[in-house]
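Step one of this worksheet: look at the structure below.
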Amino acid sequence: MSHAIQQDEPQSQRATVVDEYVGRRIRERRVMLGMSQQQLAGIVGVTYQQQHKYERGLNRISAGRLFAVAQALGTDPAWFFEGVSERGAADGVPPRQRLLLELMRNFALIRDEKQQQAISSMARSLVGS
């Protein structure tokens with residue numbers, strides 16, 4: 001990003017719209033991987049409550065902590081900022097994308113491979129209709 005993100009208020013410890021966006025992206029990635037907040041908090045070394053505050057954008061997340069979260073979620077730290085405009089405004093996760101994330105998470109939780117194959121086959125047949 002070539003331009004600096006402008007904030008509505010001077011730099012402070014208070015969370016901003018960018019912090020909220022990053023928190024939503026953390027939650028999105030965590031849910032996509034089928035990981036609970038407690039699991040992520042344990043890996044990163046924070047309490048469940050702190051992880052919850054990060055994801056809701058109530059608390060700012062430090063660069064070092066964001067790097068640890070990115071490693072735990074198998075992505076690059078820059079991924080959390082994709083889609084942020086120069087003013088810091090960002091769109092939320094569209095309903096269709098949220099549905100797809102939930103579908104992927106639930107599919108990943110199915111332990112029986114035959115059931116996964118049956119669902120996959122059903123999806124392929126629905127596409128053809």
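No lab work stands behind these numbers, since they all come straight from the coordinates. Keep in mind that this is a model prediction, so the values were computed, not measured. Backbone-built Cβ (ideal geometry, glycine too); neighbour counts: all protein chains shown.
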Handout entry: ASP19, ASP112, ASP76 arranged by Cβ crowding within 10 Å, fewest neighbours leading
Key = ASP112, ASP76, ASP19
Exercise for the section: Treating only the Cβ atoms of Lys and Arg (+1) and Asp and Glu (-1) as charged, compute the dipole magnitude of region 12-92 about its Cα centre; round to the nearest 20 debye. Expected result: 260
Problem - Nonlocal amide H pairs with ASN59, under 5 Å, H built at 1.01 Å - result: TYR54
Exercise for the section: Report the relative contact order of region 12-92, percent, no decimals, based on alpha-carbon pairs under 8 angstrom and at least 6 residues apart. Expected result: 42
Practice task
Work from the charge dipole of region 12-92 (Cβ charges, +1 for Lys and Arg, -1 for Asp and Glu, about the Cα centre) and give the residue of ASN59, ALA72, ILE26 farthest towards its positive end.
Solution key: ASN59
